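The values are calculated or read from the model by the stated rules, or taken from the named source; none is laboratory data. Predicted model, so just to flag it, every value in this text is computed and none were measured. Here the Cβ positions follow ideal geometry from the backbone for every residue, glycine too, while neighbour counts run over all protein chains shown. Calculation scope for accessible area: heavy atoms of the full protein, side chains included, ligands and nucleic acids excluded. Shrake-Rupley method; radii C 1.70, N 1.55, O 1.52, S 1.80 Å.
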Amino acid sequence: MYFKTSLTALSHAMEDQVLARNDCPLMIASFQQERFYRQEAHRYLRLAEITSQLYVLAAADTKFADGAASHETIPFDSKDALVNEWHLVVLGENYTACLICREHSPGALKPKVLAGAPDLDQSRRFEGIWTLDRHVCEQAAYILLQRIAQYRPDLSGKVTQAQADFLPDDVRQGSADRSDITESYPFAQRLVTYVQASQYKLLKAYKAMAAQENRERLINSITAAIRQSLNPTEVFAIATHELGQEIAPCRCMIYRSSHDASVKIQHEFRQPNVPSLKGKFWPLLENPLFQAVNHQRESVIYLCDIEDPTHPIGDTSAVQVLFDQWDIRGCLLVPLIYQERLLGMIELHQCTSAPHVWSKHDVRLVEAVAAQLSVAVIQAESYANLETLNQQLEALEQTRSNLIAITGHELRTPLSTIRVCLESLLTEPDMPDDMRQVMLQTAMEDSDRMQKLVQDFLTLSRLESGRIEWNLESLALSECVALALSSRRSNSNCSNITVDVMDALPLIRGDGEWIVEVLTKLLDNACKFTDPKGSISIQASVKDNAQVEVSVNDTGRGIEPERLETVFERFYQEEGALRRSVGGTGLGLAICRQIVEAQGGKIWAMSAGKKQGTQIHFTLPIAVQKSNQRPKKSPGPKSTRAKQILNN
C-alpha cells in the first residue's frame with residue numbers, strides 16, 4: 001500500500017536513475033489524467049532527449065491527443081481501467097525497475113460521517129508493487145506495449161522494434177521461466193527501506209488522525225445536542241445512536257442511575273441480529289457489575305470467563321443468568337459522574353461467541369462521551385431547579401402582593417370606622433345614648449375584626465414554621481362539632497345548620513382545640529358565601545375502617561372546578577383581593593389544610609361550579625383503643641380554645 005506522495009518519490013527516483021546513466025532504456029509511463037502528466041511534462045522532455053523509446057499514456061484532452069511532444073503520447077478512453085492505475089516501467093541494459101499500482105478504494109481507514117459532517121480529505125492511496133526484478137519489468141513492459149499498439153496502430157512498427165530490442169523471446173512468446181534473473185542495487189534497497197518505513201509511519205499517523213477526528217466529531221455532535229436541548233432524554237438518544245455507530249458494539253445502552261432495584265431501558269442502539277432490551281427492566285441492585293462501577297467510580301470491563309485483575313468484580317453468578325438470557329459475552333460499563341455523584345451509565349455489550357478486549361481508544365472515547373453526558377444531566381437538573389426556584393419566587397411575590405392588598409384593605413377599613421366612631425364620641429358630648437351605644441358597638445365589632453385578622457396571620461405563621469406542639473388524644477367528633485356550632489351561633493345569625501354525625505362514630509385521634517378551629521373556619525366560610533335562605537350541613541362517616549371523613553356542605557355560590565385546589569392557597573380570594581363582596585383574609589382554608597395534614601389527614605374541596613354549592617371534605621385518623629382505656633368525652637377540659645368558645 002502506497003500513498004501518492006510515496007509513489008511520486010519512487011517515480012522521481014526511477015526517472016533520476018535514467019537521467020544519471022548512459023543508457024537508452026525503454027520507458028512507459030501511465031498517468032491517470034493528462035493534468036497529472038502536465039505536472040511532470042518538463043521531466044519527460046528531458047527523458048525524451050536520452051531515449052527514443054518513451055511512451056506516455058493518459059486519459060487525454062484535445063491537446064494531449066495531438067501528440068505534439070517529442071515522445072509518444074497515447075490517449076486512452078476515460079472508461080478504461082487505466083484511469084484508476086499508476087504505472088512506470090524502465091527497461092534498460094544496466095537498470096530495470098517497474099511500478100505497477102491501482103488506486104485503492106475507500107476502506108476501513110475512511111472516517112465515518114457523523115451528523116452529516118463531510119469526510120476528511122484524506123491522502124490518495126494505491127496498492128501494487130515496486131520492484132527491480134527484470135522478469136517482472138519485462139512482463140509489465142510487454143503488456144503495456146500491447147495496449148499501446150491497440151490505441152495507436154500507427155505505432156505498431158515502433159512497438160515491434162521495442163519488443164525486439166528490449167524483450168527476450170520467452171517473454172514475447174508468453175514463457176515465464178526467467179525468475180533466475182534479478183538485479184538489485186544498494187541505493188534501491190535503501191530507498192525501499194526508507195519508503196516502507198515512511199509508509200508505516202504515515203499510515204500510523206493517519207490512523208491516529210482519523211480516530212481523533214471521529215472522536216472529535218462524536219463529541220461535537222453530542223455537544224451540539226446539549227446546546228440545542230436541555231432535555232436529557234433527547235441528548236441520550238443522540239449519544240446512544242452516534243456512539244453505537246462509531247464503536248459498532250452489538251448493543252449500546254445509556255440509562256440514568258437509580259436507587260430502585262432496576263431501571264427501564266429507554267435508549268438503545270443494537271445490531272440487526274441482536275435482540276432488543278428497549279422497554280425491559282435492567283437490574284441495578286442485584287447487578288455486581290453496576291455495583292462495582294458504583295463503588296469504584298471507574299469504568300469496568302467484563303468478559304465472560306475472563307476477569308480483569310485491576311478491577312475485581314467478585315461473584316458474577318447473579319448477572320451471568322441475565323447475560324445467558326440475552327447472549328451477552330462481554331460488556332463495558334462507563335459511569336456518568338459529576339463530583340463523585342453517579343448520574344447514569346453507558347453500557348456496551350458484545351454478543352459474539354468470542355468477545356474481544358475493548359481497545360484503549362474505545363474506552364477513552366466512551367469516557368469522553370460520558371463526561372459530556374454528565375454535563376448535560378447536571379445542566380438539565382440545574383435548569384429544572386432554577387425553574388422551580390423561579391416558580392417559588394413568583395409565588396412569594398404573589399403572596400407579598402396579596403398580603404399588601406389584603407392587609408391594607410382589611411386593616412384600613414376597620415381602622416377608619418373605629419376612628420370615625422371615636423371622633424364622634426369625642427367631639428359630640430351631647431350625643432344621645434342610643435347613638436353612643438351604636439358607635440361603641442361598631443368600634444368593638446371592627447376591633448374584633450382586626451384582632452381576628454392578626455390572629456390568622458400569627459396562626460398560619462406558627463403552623464408553617466412547625467412551632468405548634470400538638471396535644472393528640474382520643475376524641476369524640478360529635479363534641480368537637482358541638483363546640484364549633486356553639487361558637488358560630490354565638491357570633492352570627494347563621495342558624496340553618498344541620499348535623500348528621502352518629503353517636504356510634506369511632507373516636508378520632510387529634511388535637512381537639514385545632515379540630516374545633518378547622519370546623520369553625522369551615523362553618524364561617526359556608527355561612528359567609530351562603531344566602532340566608534340556603535342550607536348548611538355537617539356530615540361524618542367512617543372511611544376504609546381507618547379514618548373518619550367529615551364534610552361541611554353548603555348551597556352557596558360554589559367554586560369553579562379548575563380552582564378547587566387553588567382555594568387552599570394563602571390569601572386566595574375568589575373575587576380578588578379588592579373586589580370581593582365579603583370580608584376575609586383568604587387564610588382560612590390554608591390554615592385548615594395545615595392543621596388537618598399535621599394530624600395525619602387530608603382535606604379537599606368539591607363543587608359542581610358557580611352557584612352549585614361547595615363541599616369541603618377532610619379526614620382524621622381513627623384512634624386505636626386499648627382494652628383498659630376509657631374514651632374522653634370531649635376536648636373541652638384540656639382545651640383553652642374550647643373553654644373560650646364555651647364561655648362566649
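Just a few scattered comments:
- Restricting attention to segment 585-600 and to residues that are more than 15 Å from residue 522 (Cα to Cα) and of a type outside the set (Gly, Ala, Ser), the residue that is modelled with the highest pLDDT turns out to be 597.
- Tally, over segment 493-545, of residues that are without any contact (Cβ under 8 Å) to a residue 12 or more places away in the chain and basic (Lys, Arg): 1
- Residue identified as open to solvent by 80 Å² or more (accessible area, probe 1.4 Å) and not aromatic (Phe, Trp, Tyr) among 357, 375, 366, 334: 357
- The one condition in (1) part of a helix (DSSP H, G or I); (2) open to solvent by 20 Å² or more (accessible area, probe 1.4 Å); (3) of a type outside the set (Lys, Arg) that residue 240 fails to fulfil: (2)
- Cβ pairs under 7 Å, 6+ apart, first in segment 203-222 and modelled with pLDDT under 80, second among the charged types (D, E, K, R) and surrounded by fewer than 16 Cβ atoms within 10 Å (Cβ to Cβ): 214/112
- First in segment 554-568 and farther than 19 Å from residue 530 by Cβ, second anywhere and acidic (Asp, Glu), Cβ under 8 Å, 6 or more apart: none
- Every pair of residues 6+ apart whose Cβ atoms lie under 8 Å, when the first sits in segment 31-48 and is closer than 19 Å to residue 4 by Cβ while the second is of a type in the set (Gly, Ala, Ser) and open to solvent by 20 Å² or more (accessible area, probe 1.4 Å): 34/60; 41/69; 44/69
- Scan of segment 119-170 for residues that are acidic (Asp, Glu), without any contact (Cβ under 8 Å) to a residue 40 or more places away in the chain and outside any helix (DSSP H, G or I), ordered by number: 119, 121
Each row is one residue, and each column tells you yes or no for (1) closer than 17 Å to residue 452 by Cβ; (2) polar (S, T, N, Q); (3) at pLDDT 85 or above; (4) in a helix (DSSP H, G or I).
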| position | (1), (2), (3), (4) |
| --- | --- |
| 488 | yes, no, no, yes |
| 499 | no, no, yes, no |
| 549 | no, no, yes, no |
| 574 | no, no, no, no |
| 583 | yes, no, no, no |
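- Scanning segment 244-253 for residues that are in contact with a Lys or Arg (Cβ under 8 Å, 6 or more places away or on another chain), charged (D, E, K, R) and either surrounded by 15 or more Cβ atoms within 10 Å (Cβ to Cβ) or more than 13 Å from residue 348 (Cα to Cα) (or both) turns up at least one hit.
- Filter result (open to solvent by 30 Å² or more (accessible area, probe 1.4 Å), touching an Asp or Glu at 6+ places or on another chain (Cβ under 7 Å) and either closer than 15 Å to residue 16 by Cβ or not hydrophobic (A, V, I, L, M, F, W, C) (or both)) within segment 29-61: 43, 61
- Comparison of 524, 434, 503 shows that the only residue that is assigned to a helix (DSSP H, G or I) and more than 53 Å from the chain's Cα centre (by Cα) is 434.
- Filtered residues of segment 62-72 (kept if of a type outside the set (D, E, K, R) and either within 13 Å of residue 152 (Cβ to Cβ) or open to solvent by less than 20 Å² (accessible area, probe 1.4 Å) (or both)): 64, 65, 67, 71
- Meets criteria (farther than 30 Å from residue 420 by Cβ, touching a strand residue (DSSP E or B) at 6+ places or on another chain (Cβ under 9 Å) and either open to solvent by less than 70 Å² (accessible area, probe 1.4 Å) or among the acidic types (Asp, Glu) (or both)) for residue 508: yes
- Filtered residue count, segment 331-361, keeping only those that are at pLDDT below 90 and within 18 Å of residue 274 (Cβ to Cβ): 6
- Scanning segment 290-306 for residues that are within 23 Å of the chain's Cα centre (by Cα), of a type in the set (A, V, I, L, M, F, W, C) and in a helix (DSSP H, G or I) returns 290, 293.
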